[in-house]
1. State whether the residues of segment 213-236 include one that is in a strand (DSSP E or B), touching a Pro at 6+ places or on another chain (Cβ under 7 Å) and under 24 Å from residue 347 (Cβ atoms).
2. Is it fair to say residue 412 is in contact (Cβ under 8 Å) with a residue 60 or more places away in the chain and within 16 Å of the ligand (Cβ to nearest atom)?
3. For residue 403, state whether it is of a type outside the set (Phe, Trp, Tyr) and within 12 Å of the ligand (Cβ to nearest atom).
4. May I ask you to list pairs of residues, at least six apart or on different chains, whose Cβ atoms are under 7 Å apart, with the first in segment 234-247 being without any contact (Cβ under 8 Å) to a residue 40 or more places away in the chain and the second being in a loop (DSSP other than H, G, I, E, B) and buried (at least 20 other Cβ atoms within 10 Å of the Cβ)?
5. Which of the numbered conditions does residue 259 fail, given that it passes all the others? Conditions: (1) more than 10 Å from the ligand (Cβ to nearest atom); (2) at pLDDT 95 or above; (3) assigned to a loop (DSSP other than H, G, I, E, B).
6. Condition test on residue 294, is it within 24 Å of the chain's Cα centre (by Cα), at pLDDT 95 or above and outside the structural domain of residue 206 (by TED's automatic domain parsing)?
7. Being surrounded by fewer than 22 Cβ atoms within 10 Å (Cβ to Cβ) and more than 16 Å from the ligand (Cβ to nearest atom) is true for just one of 420, 429. Which residue is that?
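The values are calculated or read from the model by the stated rules, or taken from the named source; none is laboratory data. Please read these numbers as outputs of a predicted model, since none were measured by experiment. Positions of Cβ are generated from backbone atoms using ideal geometry, with glycine treated the same way; all protein chains shown enter the neighbour counts.
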Amino acid sequence: MRRIGGKRGRRTVTVDALSATSDAALAHDDDGAVVEVIGGVPGDRLDVTIVASGRARVHAELQSVASPSIDRVDAPCPVVATCSGCPWQSVGYDTQLDWKHRFVVEALRAYGLEPTCLTPVLPMDPPFRYRTKLQTPISGVAGALRSGLYRRRSHEVVTVDDCLVHDAHGEAARRGVLALLDSHQVTPHDELTGLGELRTLLLRVTGGAQVAVVLIVADAGRRDWPALGAALLAVPAVVSVSLNVNGERGNRVLGPTTVLLAGRPTLTERVGPVLMELEPTAFFQTSVRGAERLAQVVRSLLPAGVPLLLDLYAGAGFFAAALADRAERVLMVERDPAGAAACRALLQRLPCPAEVIEGDVAQLIAQQARLPAGAAVVLDPPRAGLADSVAEVLVALAPTRVVLLSCHLESGARDLARLVSEGLRLCSVTPVDLFPHTRHVELVSLLVPADVGTPPPAPSPREHGAKGAG
Ligand SMILES: C[S@@+](CC[C@H](N)C(=O)[O-])C[C@H]1O[C@@H](n2cnc3c(N)ncnc32)[C@H](O)[C@@H]1O
């Protein structure tokens, strides 16, 4: 296929594939030139307008569907064409899972790993109302506050009245909070002029339908925020209201300090047998249902009675909480001071002795003695994956099982290849769909020392309700 180069204007294209690295689907025109178009479903014939053509990519905007793919579904969200949140919403959910599975196969093969140990993708069921954390930028329309998500490739806010991937209690709270803020004449912050107060609303909903609200403002000014916070507790389900001041321009959502205005300082989340107390801005998975699914998969990969469990990149200690009843001792390592504080707050609640080390995983494992036989390690690094030295040093500690969670396909496949090249055997890769209607997929992989005989079986897809390609 060739690329269009500088040609602009309208044309009809056929969609060939979804992309693992971009929100856009890949299509070709009748001359065989490649076009990227958001909202395309493989098999569609689409009328598009070429909007930009760089050296590497030609972007087109979907005008109309000339002939739909059999995998096209009606996207239920009215702003799907402009909002950046759910680029795959017109793709049938089983087809989304098939594509994610295909992306995992390709990523593993790119690093020389055969996908024989790969299970189908575990679905989010149902694939809507799954997010329990929402950061929604604020704008103003006709003097009233609006919130939504950013328009694609822009900082313009698309108003979203009911975000269908966000928890229903959270959405009701969002509407109630906005109405109340409006009645108190809170003004939207304007990035260009620097005027106005409210930049972003952060909402976090627990599995028990309690909502924490964080008002992220550009400048605290003279407003009586504690009084406003107390008033916001009247919104149904809202139990905690905090204020965060972020006066910096740019994409960082939160400023350095968050203060409680009214209500509870923490939200209570049940994780397996443990109740976690989480500050509203603490790192936690963005979906309670997704977090439960991850915990379920990781549990199925670890036997009971693990003498030592290392929870590396522990965040607020989610995996330690979910797995501590399988371990005799737990060690959590987390670099972020707020995360490490949350881990320490967990110590008394865990059913086994535990320790928290606040610091860098690479440095900690470099100082760690060889692990006791049967020790297990859970690694959940950020998107960039493991630092260069971690695979080598970790394998030298002789863990009996390693569970790697990867939220980024490319770095996840690279890390698996590194661990294998250091002497571990890849026993199972379980992709979990934490973000329906996007290209993202989480991998949960089990590795054991290469000289261990029969690897334990991968979790049964039927047991976890998997759909998609086998
Ligand atoms: C993907 S999150 C995982 C959090 C946690 N496992 C959970 O599920 O809630 C990655 C975590 O690693 C922490 N982190 C990033 N780099 C680190 C490093 N070099 N050493 C220790 N922690 C690190 C981040 O602060 C973040 O909390």
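1. no
2. Answer is yes for this residue.
3. yes
4. 242/280; 247/218
5. (3)
6. Numbers: within 24 Å of the chain's Cα centre (by Cα): yes; at pLDDT 95 or above: yes; outside the structural domain of residue 206 (by TED's automatic domain parsing): yes.
For residue 294, the condition - within 24 Å of the chain's Cα centre (by Cα), at pLDDT 95 or above and outside the structural domain of residue 206 (by TED's automatic domain parsing) - is met.
7. Exactly one of 420, 429 is surrounded by fewer than 22 Cβ atoms within 10 Å (Cβ to Cβ) and more than 16 Å from the ligand (Cβ to nearest atom), namely 420.
Every residue, every condition in (1) in contact with a Phe, Trp or Tyr (Cβ under 9 Å, 6 or more places away or on another chain); (2) not assigned by TED's automatic domain parsing to the domain that holds residue 337; (3) not β-branched (Val, Ile, Thr), yes or no:
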| position | (1), (2), (3) |
| --- | --- |
| 215 | yes, yes, yes |
| 221 | no, yes, yes |
| 224 | no, yes, yes |
| 229 | no, yes, yes |
| 235 | no, yes, no |
| 248 | no, yes, yes |
| 265 | no, yes, yes |
